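The values are calculated or read from the model by the stated rules, or taken from the named source; none is laboratory data. Quick caveat, the model's predicted, so the values are computed rather than measured. Every residue, glycine as well, gets a Cβ built from its backbone with ideal geometry; the counts of neighbours run over all protein chains shown. Each accessible area value is taken on the protein alone, full model and side chains, heavy atoms only, with ligands, DNA and RNA left out. Shrake-Rupley method; radii C 1.70, N 1.55, O 1.52, S 1.80 Å.
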Amino acid sequence: MQTNPHVDEIRELNLAYLLLAQRLLGADRAEAMFRLKIDEEMAELLASLDARQLARLANTNQLLCHFGGESVDQLRQVADNPRDQGLGHFHASLLMASRSMLSEGGGHVG
Amino acid sequence: MSAKSLLDELEQVQLAIELIELGARLQVLETETDLSRARLIRLFKEVRGMSPPKGMLPFSTDWFITWMPNIHSSLFYNIYRRLGEDHGCARMEAFIKAYRLYLEQVAIDDAEAVLGLTRAWTLVRFFESDQLQLSECGRCHGHFVAHAHSPTHDYVCGICQPPSRAGKTRKRRAEAAAPSAPRAARHA
């Protein structure tokens, strides 16, 4: 059967993502959890995986890493801000950092 | 003095050094460590090679609400909250890590670190004394620094809706005009 040419790319990206996650977690646990948007339990698990387990997880035709939690509306606002002042990266960074993994409140949030 | 307090003191010195390296003023160090003022001044001189600047810290919340400072402050404060609330960092640990992460983003954008470390610290203190709050932008749903008790509905942030004069400071205009000058000189 003919496989999709992108499957290899996905597998490579999965493995690269897992390896990066492990290196980040090894260097600074809290900072890595912030960058990766994962909780303590997931951090613990990812850090503990050995090479064989990593390879097994990476070998799938679907991506392991996901969008950093912004909704379509949020992404659209960053990508097509009609009043863009060259603050696009900053905006994306701020939106990702705005989202709590614990709870999500509206309006006055703190 | 017990062994524990020596270790404790070492930790305090390390914290002070980190803060000084990141640009802390003396008042920050005096509040956040138990080290004596004299020792802090000595430490400051050794780390920075100069005497600590004198004078009072900025004491108004208004600066954090002005356009560009608000964007920088909001990014920093969101990171700080994530590290403290979601990832279990202690207060000063979260503060230092968040400030480094903020500087990192600024460096990616090749932008100026509008929010200095001492400002970032006063920002945290203003939140702790309930003088500031985070308001959610109705358009991008990002969380932005605002005066405490300010109305939150219909709030739109300074990125989604920059003020009409945003980015048109005298300095910016001068920078925009500057690149053409050398070229003109070459042609002459």
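If a residue has to be in a helix (DSSP H, G or I) and either touching a residue at least 12 places away in the same chain (Cβ under 8 Å) or open to solvent by less than 10 Å² (accessible area, probe 1.4 Å) (or both) to count, how many in the stretch B:43-77 make the cut? Break it down into steps so the answer makes sense when it comes.
First, the residues of the stretch B:43-77 that are in a helix (DSSP H, G or I): B:43-48, B:62-65, B:67-77.
If we keep only those that are either touching a residue at least 12 places away in the same chain (Cβ under 8 Å) or open to solvent by less than 10 Å² (accessible area, probe 1.4 Å) (or both) too, we end up with B:43-44, B:47-48, B:63-65, B:67-77.
The number of residues fulfilling the criteria is 18.
Looking at B:Leu123, is it facing chain A (nearest Cβ under 7 Å), closer than 20 Å to A:His91 by Cβ, at pLDDT 90 or above and surrounded by 13 or more Cβ atoms within 10 Å (Cβ to Cβ)? Even if it seems obvious, please write down each step before you answer.
On the way: facing chain A (nearest Cβ under 7 Å): no; closer than 20 Å to A:His91 by Cβ: yes; at pLDDT 90 or above: yes; surrounded by 13 or more Cβ atoms within 10 Å (Cβ to Cβ): yes.
Here the answer is no, as B:Leu123 does not meet what is asked.
Taking the stretch B:130-142, which residues are more than 7 Å from chain A (Cβ to nearest Cβ) and either on the phi > 0 side of the Ramachandran plot or within 17 Å of the chain's Cα centre (by Cα) (or both)? Outline the logic, then answer.
Taking the stretch B:130-142 first, the residues more than 7 Å from chain A (Cβ to nearest Cβ) are B:130-132, B:137-138.
Hits for the stretch B:130-142 are B:Asp130, B:Gln131, B:Leu132.
I need every pair where a residue in the stretch B:127-141 that is free of Cβ contacts under 8 Å to residues at least 40 places away in the same chain has its Cβ under 9 Å from the Cβ of a residue that is open to solvent by 60 Å² or more (accessible area, probe 1.4 Å) and of a type in the set (Asp, Glu), sequence separation at least 6 or different chains.
Filtered contacts from the stretch B:127-141: B:Gly138/B:Asp154; B:Arg139/A:Asp73; B:Cys140/A:Asp73; B:His141/A:Asp73.
Test B:Gly116 against the criterion of being of a type in the set (Gly, Ala, Ser) and within 12 Å of chain A (Cβ to nearest Cβ), and give yes or no.
Criteria not met by B:Gly116.
Quick one: what pairs do we get from the stretch B:14-37, first residue in contact (Cβ under 8 Å) with a residue 24 or more places away in the chain and hydrophobic (A, V, I, L, M, F, W, C), second open to solvent by less than 50 Å² (accessible area, probe 1.4 Å) and in a loop (DSSP other than H, G, I, E, B), C-beta under 7 Å, 6+ apart or different chains?
Partner pairs satisfying both residue conditions: B:Leu15/B:Thr33; B:Ala16/B:Thr33; B:Ala16/B:Leu35; B:Leu26/B:Pro52.
I'm trying to understand the selection: among the residues of the stretch B:78-99, which are open to solvent by 50 Å² or more (accessible area, probe 1.4 Å), within 12 Å of chain A (Cβ to nearest Cβ) and assigned to a helix (DSSP H, G or I)? Don't jump to the end; show me each part of the working.
Going through the stretch B:78-99, the residues open to solvent by 50 Å² or more (accessible area, probe 1.4 Å) turn out to be B:85, B:88, B:90-91, B:93.
Filter once more, keeping what is within 12 Å of chain A (Cβ to nearest Cβ): B:85, B:88, B:90, B:93.
Hits for the stretch B:78-99 are B:Glu85, B:Glu93.
Name the residue that is modelled with the lowest pLDDT, counting only residues in the stretch A:92-110 that are more than 7 Å from chain B (Cβ to nearest Cβ) and touching a Gly at 6+ places or on another chain (Cβ under 7 Å). Even if it seems obvious, please write down each step before you answer.
Taking the stretch A:92-110 as the starting set, the residues that turn out to be more than 7 Å from chain B (Cβ to nearest Cβ) are A:92, A:96, A:99, A:103-105.
This time we only want the ones that are touching a Gly at 6+ places or on another chain (Cβ under 7 Å), so: A:96, A:99.
Values: A:Met96: 92, A:Arg99: 87.
If we take residues in the stretch A:92-110 being more than 7 Å from chain B (Cβ to nearest Cβ) and touching a Gly at 6+ places or on another chain (Cβ under 7 Å), then A:Arg99 is modelled with the lowest pLDDT.
How about the stretch A:1-23: which of its residues are over 15 Å from A:Leu63 (Cβ atoms) and either within 12 Å of chain B (Cβ to nearest Cβ) or over 15 Å from the mean Cα position of the chain (by Cα) (or both)?
Matches in the stretch A:1-23: A:Met1, A:Gln2, A:Thr3, A:Pro5.
Taking B:Asp109 and the conditions (1) at pLDDT 90 or above; (2) surrounded by 11 or more Cβ atoms within 10 Å (Cβ to Cβ), which numbered condition does it fall short on, given that it satisfies the others?
Status for B:Asp109: all satisfied but (1).
Testing B:Lys4 on (1) under 17 Å from B:Thr118 (Cβ atoms); (2) more than 15 Å from the chain's Cα centre (by Cα); (3) at pLDDT below 95, one condition comes back false. Which one is that?
The one condition B:Lys4 does not meet is (1).
Exactly one condition in (1) within 16 Å of B:Arg82 (Cα to Cα); (2) open to solvent by less than 60 Å² (accessible area, probe 1.4 Å) is not met by B:Thr118; state its number.
Answer for B:Thr118: the failing condition is (1).
Check the stretch B:100-108 and report whether any residue there is at the interface with another protein chain (Cβ under 9 Å from one of its Cβ atoms), assigned to a helix (DSSP H, G or I) and out of contact with any His (no Cβ under 8 Å at 6 or more places or on another chain).
Within the stretch B:100-108, one or more residues are at the interface with another protein chain (Cβ under 9 Å from one of its Cβ atoms), assigned to a helix (DSSP H, G or I) and out of contact with any His (no Cβ under 8 Å at 6 or more places or on another chain).
Assigned to a loop (DSSP other than H, G, I, E, B) and more than 12 Å from every other protein chain (Cβ to nearest Cβ): does that describe B:Ala24?
Values: assigned to a loop (DSSP other than H, G, I, E, B): yes; more than 12 Å from every other protein chain (Cβ to nearest Cβ): yes.
It is true that B:Ala24 is assigned to a loop (DSSP other than H, G, I, E, B) and more than 12 Å from every other protein chain (Cβ to nearest Cβ).
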